[in-house]
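What follows is a short report on a single structure.
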Amino acid sequence: VHLIPVNPVREDGLNPKSRKRIMPDLLTEPPAIDPVYEAHVYCNIPTIAERSMEGHAPHYFKLVSVQVLIRHGDRYPLYAIPKTKRPDIDCMLLPSRKPSHPQLEAFIKHMSKGSAAQMDGSLSSLPRYPSHSLCEMGELTQTGVVQHLRNGQLLREIYINKHKLLLSDWTAKQLYLETTGKSRTLQSALALLYTFLPDFDWKKINMRHQWSTIFCSGSCDCPMRNHYLEEEQRRQYSLRVKNNDLEKIYVDMAKIVGIPTRQLRASNPIDSLLCYFCHNVSFPCTKTGCIGMEHFKVIKRHQLEDERERQEKKLYFLYALLATHPLLNQTVNRLQRIAEGKKDEVFVLYSAHDVTLSPVLSALGITEARFPRFAARLVFELWQDGKRPKEHFIRILYNGADVTFQTSFCKDYYKRSIKPMCPLEKFVNFVKRDMFLIFNSTSYYDACRRRPL
C-alpha cells in the first residue's frame with residue numbers, strides 16, 4: 001500500500017505537511033506497479049534538495065538524542081550476469097564529475113588523514129573512500145558517497161545548527177558509531193559523518209565493527225529466527241515458480257547469454273540490471289541479442305509483487321521481530337539512559353544494509369514503507385517535554401517522512417492524543433514485552449526457542 005498524496009508533494013510521493021494517511025478505497029483495484037518509477041526511487045540519484053520532517057516539534061520540546069540507521073549508498077553489483085561485459089563504472093572520486101557535492105574534494109583530503117581514528121578489528125584495513133577506476137564488486141560509487149554527504153549535510157542543518165545537539169567542543173563519548181565490515185558501509189558512515197561534523201578530529205572517532213548484518217551482537221543465537229527465515233525463503237521460491245512471465249524472461253535471457261536458465265537465476269540478474277539502470281548504462285548485449293528494458297521490467301515487477309506478498313504472509317514479520325530485537329533493545333536501553341540524564345552517546349550512527357533496515361521497518365509495523373533505497377535512513381529522535389521535564393517522547397522518521405504513528409505500538413495513541421510524538425514508554429514496552437506476545441512468550445530467549453503451535 002502506498003501513500004496517496006494530497007496537496008503539494010515531494011518527489012518521493014509523501015506529503016511533507018500532513019501525517020494523516022488517506023486510505024485507498026478497498027473496492028478498487030490496487031494501483032498498478034510501475035517498475036521503472038520504483039527503480040528510480042530505489043536508485044535515489046541526487047538531484048534537487050530534499051525536504052524532510054526531521055527535527056520538527058513544538059517549541060517547548062528539547063531534542064536530547066538522535067539515533068540513525070542507514071543503508072550504504074549506491075554500489076557496484078554484488079553479482080555479475082555470466083558471459084556479459086561488466087558495467088563500465090568508475091569508482092574514482094572526481095569532484096568535476098556528476099553527481100558531485102561542494103564538499104567532495106574536502107572529504108577526500110580529510111579521509112587521507114584518518115590514521116588517528118580508532119577502528120575495531122578489520123575496519124582499520126579497509127579504505128576510507130572508493131578509489132578504483134573500474135569498480136570492484138560491491139564497491140561504493142561516487143553516487144553513493146554523494147548520497148551520504150547530502151544526508152550528513154541535511155542532518156547537520158537540523159540537529160547541529162538548529163537544535164544544538166552537539167556543541168563545537170563535543171567529545172568522543174557523545175558519539176556511538178558502528179558499521180558492518182564492508183568497505184561500502186564504512187565509507188558511507190564516514191561520508192555522512194564528514195558533512196555532519198565537518199573536519200572532525202579523527203582522534204574522537206571510534207568506529208565499532210559489527211560482524212552481523214542484523215546487528216545482533218552477543219544475542220545472535222535464535223533458532224526460531226532461522227526457522228522463520230527458511231519458511232520465508234520457501235514462500236519466495238513458491239511465488240517465483242508460479243510466475244510464468246518471469247520464467248519466460250529468464251529462459252529468454254539465458255539464451256541471449258548462452259547459459260542454463262538455472263545459472264542465470266543464481267547470478268541474481270536484478271542486482272546487475274539495477275546498476276545499469278541507476279547509472280544510465282546500456283543493458284548488456286551478446287551476438288545472440290540484447291537484454292532490454294522489458295526483461296528488466298518483468299523481473300523488477302516480480303520483485304515488487306514479492307514484497308507485497310511478503311507483507312501479507314507474516315512469515316517475514318515473525319522473522320523480523322526476532323532478528324531485530326537485539327538492535328532495538330540496545331536502542332531502547334540507550335534512550336532510557338539519556339532520558340535519565342546521561343550525556344553519553346547522544347548521536348548514534350549504525351551503517352548497515354537493506355537486510356538490516358528492512359526487518360526493522362517490518363518489526364516496527366511500518367508496512368507502508370518502501371524497500372530501503374540506496375542511502376536510506378531511519379531516524380529515532382528522543383525529545384524532552386519542556387513543560388514536564390520527566391516526560392520523554394520519540395519520533396521515528398524514514399527518509400525524512402514522519403512514520404511514528406504508522407508503528408504498531410503508537411497507532412492507537414495517535415487517535416487519543418494531541419501530542420505530535422509517541423511516549424518513550426510505549427516504545428520501551430513494545431521492545432521489552434509486546435514483541436514476544438505473538439510467540440506466546442515473555443522474553444527474547446523464550447521466543448527464540450518456542451516452537452509454533
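The values are calculated or read from the model by the stated rules, or taken from the named source; none is laboratory data. This is a predicted model, so every value here is computed, not measured. Backbone-built Cβ (ideal geometry, glycine too); neighbour counts: all protein chains shown. Calculation scope for accessible area: heavy atoms of the full protein, side chains included, ligands and nucleic acids excluded. Shrake-Rupley method; radii C 1.70, N 1.55, O 1.52, S 1.80 Å.
Does at least one position in the stretch 146-160 carry a residue that is at pLDDT 95 or above, of a type in the set (S, T, N, Q) and over 25 Å from Trp383 (Cβ atoms)? Yes, the stretch 146-160 contains a residue that is at pLDDT 95 or above, of a type in the set (S, T, N, Q) and over 25 Å from Trp383 (Cβ atoms).
Name the residue that is nearest to Met53 (Cα to Cα), counting only residues in the stretch 142-164 that are open to solvent by less than 10 Å² (accessible area, probe 1.4 Å) and over 17 Å from the mean Cα position of the chain (by Cα). Here the answer is Tyr159.
For the stretch 403-435, what are the residues that are farther than 22 Å from Ala339 by Cβ and in contact (Cβ under 8 Å) with a residue 24 or more places away in the chain? Those that are farther than 22 Å from Ala339 by Cβ and in contact (Cβ under 8 Å) with a residue 24 or more places away in the chain: Gln406, Lys411. Might you let me know whether the stretch 102-119 holds any residue that is among the β-branched types (Val, Ile, Thr), in contact with a Phe, Trp or Tyr (Cβ under 8 Å, 6 or more places away or on another chain), open to solvent by less than 60 Å² (accessible area, probe 1.4 Å) and free of Cβ contacts under 8 Å to residues at least 24 places away in the same chain? Within the stretch 102-119, one or more residues are among the β-branched types (Val, Ile, Thr), in contact with a Phe, Trp or Tyr (Cβ under 8 Å, 6 or more places away or on another chain), open to solvent by less than 60 Å² (accessible area, probe 1.4 Å) and free of Cβ contacts under 8 Å to residues at least 24 places away in the same chain. The residues of the stretch 299-310 that are in contact with a helix residue (DSSP H, G or I) (Cβ under 8 Å, 6 or more places away or on another chain) and open to solvent by 30 Å² or more (accessible area, probe 1.4 Å), listed by number, are Arg301, Gln303, Glu305, Glu309, Arg310. Residue count for the stretch 421-451, restricted to those that are open to solvent by less than 70 Å² (accessible area, probe 1.4 Å) and farther than 30 Å from Phe61 by Cα: 8. Counting only residues that are open to solvent by 10 Å² or more (accessible area, probe 1.4 Å) and part of a strand (DSSP E or B), which one in the stretch 381-392 is farthest from Leu154 (Cα to Cα)? The residue in question is His392. Evaluation of Asp344 against the conditions (1) farther than 24 Å from Leu166 by Cβ; (2) part of a loop (DSSP other than H, G, I, E, B); (3) touching a residue at least 60 places away in the same chain (Cβ under 8 Å) shows that the sole unmet condition is (1).
Residues being surrounded by 14 or more Cβ atoms within 10 Å (Cβ to Cβ), among the aromatic types (Phe, Trp, Tyr) and farther than 24 Å from Glu307 by Cα are entirely absent from the stretch 209-219.
When Leu197, Leu186, Leu246, Leu177 are checked against the criterion of being in contact (Cβ under 8 Å) with a residue 40 or more places away in the chain and more than 24 Å from Leu123 (Cβ to Cβ), Leu246 stands alone in meeting it. For the stretch 247-269, the tally of residues that are in contact with a helix residue (DSSP H, G or I) (Cβ under 8 Å, 6 or more places away or on another chain) and either aromatic (Phe, Trp, Tyr) or buried (at least 18 other Cβ atoms within 10 Å of the Cβ) (or both) stands at 7. For Val241, indicate whether it is at pLDDT below 95 and of a type in the set (A, V, I, L, M). Spelling it out, Val241 is indeed at pLDDT below 95 and of a type in the set (A, V, I, L, M).
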